[in-house]
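Below: the structure, in structure tokens.
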Amino acid sequence: MHQDIVPLCAADIQDQLKKRFAYLSGGRGQDGSPVITFPDYPAFSEIPDKEFQNVMTYLTSIPSLQDAGIGFILVIDRRRDKWTSVKASVLRIAASFPANLQLVLVLRPTGFFQRTLSDIAFKFNRDDFKMKVPVIMLSSVPDLHGYIDKSQLTEDLGGTLDYCHSRWLCQRTAIESFALMVKQTAQMLQSFGTELAETELPNDVQSTSSVLCAHTEKKDKAKEDLRLALKEGHSVLESLRELQAEGSESSVNQDQLDNQATVQRLLAQLNETEAAFDEFWAKHQQKLEQCLQLRHFEQGFREVKAILDAVSQKIATFTDIGNSLAHVEHLLRDLAGFEEKSGVAMERARALSLDGEQLIENKHYAVDSIRPKCQELRHLCDQFSAEITRRRGLLNKSLELHRRLETSMKWCDEGIYLLASQPVDKCQSQDGAEAALQEIEKFLETGAENKIQELNTIYKEYESILNQDLMEHVRKVFQKQASMEEVFHRRQASLKKLAARQTRPVQPVAPRPEALAKSPCPSPGIRRGSENSSSEGSALRRGPYRRAKSEMSESRQGRSSAGEEEESLAILRRHVMSELLDTERAYVEELLCVLEGYAAEMDNPLMAHLLSTGLHNKKDVLFGNMEEIYHFHNRIFLRELENYTDCPELVGRCFLERMEDFQIYEKYCQNKPRSESLWRQCSDCPFFQECQRKLDHKLSLDSYLLKPVQRITKYQLLLKEMLKYSKNCEGAEDLQEALSSILGILKAVNDSMHLIAITGYDGNLGDLGKLLMQGSFSVWTDHKRGHTKVKELARFKPMQRHLFLHEKAVLFCKKREENGEGYEKAPSYSYKQSLNMAAVGITENVKGDAKKFEIWYNAREEVYIVQAPTPEIKAAWVNEIRKVLTGQLQACREASQHRALEQSQSLPLPAQTSTSPSRGNSRNIKKLEERKTDPLSLEGYVSSAPLTKPPEKGKGWSKTSHSLEAPEDDGGWSSAEEQINSSDAEEDGGLGPKKLVPGKYTVVADHEKGGPDALLVRSGDVVELVQEGDEGLWYVRDPTTGKEGWVPASSLSVQLGPSGSAQCLSSSESSPGSAVLSNSSSCSEGGQAPFSDLQG
């Protein structure tokens, strides 16, 4: 009837079903019709039509369609009701029942009145009931059993059917909930399957991985929902089976069996859905995984292809075949390194090709896309291997050719050295000529395996690698070889003549004296000296050459050998010049590489993200003035060096002309500690690693930052080599001067490195003048002022001090411990004190130690005994201090002369007959300034000459430090003979007693008593000062007798000059050990005046 009504669920009308005004007990009629029971329900008429309709609709939807098609049997129990309500209930049920009705059985009221009334009313109203449904009025329950078996009726209707309404309601709710879950799960799986089927495969690894992960996650969730649904179904089925097991077979109704069948059908449907979904997911997952594999393969292919393309481009640049043996070996090493580095890419390409073949074997869906890529990878790998093999073959061919050329050149050089080493005097005899001839023939026999046989054969054999430059090189080597062989043949012919000519014996004749000078043979002493020097040489080639040089320089008949010697020297000079130019070009290229590959990249916005914060605005700290050094070498120095290619012996001029420009290295070296410290902090920065990768450098940046320091030290080595082979050439003096200047720059650089490490000095070090020397010494103090014990103990406890000698002061510093690495390991110096050079004096020799000297200050109020590491270092320091003090003395004298000239012009006086002693002094000072001294280098490249052995006792000058045969003028004073203290001279007025003035002295008091070392003198005798002693004694020499001894200093008076003026040196009139300005305190021509007045 009402089949279009939407099925309801028990959960939707649970409250209505709980009223139990109608229920489906599960009983069946004789023909299997479902029985719906309407129990006695007094408020039946009050049930709303909607609720009644919902319950009827739900109850009629429970039986199967087959059972429902037979029709329903309604059992209406109204035994306790009234006829009026019976009629209304029947009519309402008949009118609202939504399914087919087969029979309506009504248990009428049991009361006598109501039963009688119902019989009468039913007879009169029969027609009304016939129009609706067949209605049978039953008087009792047994009558009902005639229509429906007792087993199909519940207990309240006299039957045996076990029925519990609340249990039935729970079962219906559970079954319907499970059915709904099955339906939703099926819908979800269908929707998910549609989504998977419609998903497009991504084109990159990232997206494919994301899709695979998302789909796997959704699949896992769907499987979890499916598992829960199955669990719920099995739970419902188990509860139904338990209920069935509790009752007997007869008590099980059809509805229970239908419920169990329904649940089993849903479970089967769910299992089928799960199996279908698993099969679909397996295919979809395989496709996604293959897609991911394909994307990985494609990505790897793109990366490897880019690397292989870069490798191919790189190997295409390996076109150089080398211009020397070392260059070819370097190229082979580079090729091997490149092959090793590229081997990683090759292995990756081969591995990727194998992966692609594996995908093809696994029946990948994109076989047509994978196979061509695998073939291309194999082709690129084979092409790279073939090209590497070809390049190695060419370089090996070039290596072979250069070895042959090198062997030929070495053979030629050995031949030149052989010719130069054959003594000319020995060749004049028959035996000597035959011996020399055998040497030459033996040497020429070695040419078969060492020299180049035919030029055309070489050209043909090495045609694949010969270029214009290499052909020219081969031609020059061949020409050199031919020239050398021609010289050998000439020498061979000459020796054959000498060997054949001397057939008769020669009578020995004593040479005349005048013939000795014409003899071609050197003296035995000279020959022995040359032979000894040659035997002591370490190199096999240099020894014979030096011996030949010493002999040929004294022989007039060795002109041909001298020419050969000069040729060999010219070859050596060209080799040194070639090395200088090659290394200079390489140096310029390295500087440019650093500036472009590192320094410029620090300003590149694309590289800014790789820079650490510590490197921001630190380019000048890291690189210093490297750009200035590069421009000097690239634009100026390298071009000027190339102008001396044909005349390498004159290259010293190039260095001298640009010596001031080399001062830029001092600035670079001073910045090096800061640069090194910054590098240590930021060496792990990705910026440096990326730049190094781009430049393909094997070494990191710090190795290239050291290049300028290495280069400036390399020059002096090259200049030494060039000077060694250019002794008699035109530019030898320039080479020596250039070497001295370079060493001076190295010393200045080294000194400045120490100078910037001074800490604690309040003033400006630049105000102290140029730094002349620096070094570490042991220092004892001996101050006149202070506690006696301190004075006595100070001599036995030396202090380790680092001294810095400036033009205006000497600084005493304490060397601190060295920490860190590299340039950070440089020591630091704590400033302790300084002495003004205007108030400094020196004592060159200290008794007992040849390495000690004194620096004293303010008339020996402060005395510092300085011990140098070696006597040579002491001599160098004493000489340098002498120069400073001499310069100060000269300046004082010039000032005094200028002052005297002004006074003579303002106050004219009668002319004096005596001459000023300052003239002689100025002449001596001029001679001293003209004296050349060897420069000192940083690392001890040039050492000073050792000092003369000092006196055994006393202080002052050694016997050989000044002339004792001074003329009667002012004594010829120089800084090596006199101690200076201009500040003390000013305080003393220049006329006070002076001590330790070198020269001649007049004895003013007899001295006839003393020890065994005392010298007996009388008043008026003239003696010469040797050295100062202790306790007021001086060690002097009597020039008339030659005797020496000790005399009291108070009994001597200095001789100033021919004017006869003298000053008393009595210690009673001055403080002990006071310094002097010597003869500078004498009067000028305009009159005698104190030196302090002359200074103004």
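The values are calculated or read from the model by the stated rules, or taken from the named source; none is laboratory data. Quantities reported herein were computed from a predicted structural model and do not represent experimental measurements. Here the Cβ positions follow ideal geometry from the backbone for every residue, glycine too, while neighbour counts run over all protein chains shown. Protein only, heavy atoms only, side chains kept; ligands, DNA and RNA dropped before computing areas. Shrake-Rupley method; radii C 1.70, N 1.55, O 1.52, S 1.80 Å.
Fully extending the segment from LEU765 to LEU201, taken as 0.36 nm per residue of separation minus the present Cα-Cα distance, adds 195.4 nm.
When you restrict to C-alpha pairs under 8 Å that are six or more residues apart and normalise by the size of segment 246-367, the relative contact order lands at 34 percent.
As a ratio to 2.2 N^0.38 Å, the alpha-carbon radius of gyration computed for segment 693-791 takes the value 1.74.
Among ARG653, ARG371, the sequence by solvent-accessible area, most first, with a 1.4 Å probe is ARG371, ARG653.
Sorted largest first by accessible area at a 1.4 angstrom probe radius, with every protein chain in place, the residues ASP849, ASP255, ASP762 fall in the order ASP762, ASP849, ASP255. Sorting THR208, THR389 on solvent-accessible area from highest to lowest, probe radius 1.4 Å, gives THR389, THR208.
For GLU414, the solvent-accessible surface with a 1.4 Å probe is about 80 Å², rounded to the nearest 10. For ALA500 and THR110, the difference between the fully extended length at 0.36 nm per residue and the C-alpha to C-alpha distance is 122.7 nm. Modelled label positions at THR160 and LYS476, each set 7 Å beyond Cα in the direction of Cβ, lie 13.1 nm from each other. With the simple model of a label 7 Å out from the Cα in the direction of the Cβ, HIS631 to GLU238 spans 9.2 nm. Under the simplified labelling scheme, the GLN438-SER464 pair shows an inter-label distance of 4.7 nm, with each label point 7 Å from Cα along Cα→Cβ. Cβ under 15 Å from GLY731's Cβ, GLY731 left aside: what net charge do those residues give with Lys, Arg +1 and Asp, Glu -1? So the surrounding residues net to -4.
Ignoring everything but the protein chains, give the 1.4 Å probe accessible area of SER683 in square angstrom, nearest 10. Estimated to the nearest 10 Å², SER683 gives 40 Å². Counting heavy atoms of the protein chains alone, ILE388 has an accessible area of about 0 Å² for a 1.4 Å probe. Dipole magnitude for segment 273-321: about 220 debye, using +1 per Lys or Arg Cβ and -1 per Asp or Glu Cβ, origin at the Cα centre.
Length gained on full extension, MET799 to VAL1022: 76.0 nm, using 0.36 nm per residue less the C-alpha separation.
When peptides 70-82, 306-318 are ranked by their average number of other Cβ atoms within 10 Å per residue, the highest-first order is 70-82, 306-318. With bins 10 Å wide beginning at 0, the percent of Cα pairs of segment 127-280 falling in each bin runs 9, 25, 20, 17, 13, 8, 5, 2, 0.
Can you check what the net charge comes to around ILE70, using other residues whose Cβ is under 11 Å from the Cβ of ILE70 (Lys, Arg +1; Asp, Glu -1)? It works out to a net charge of -1.
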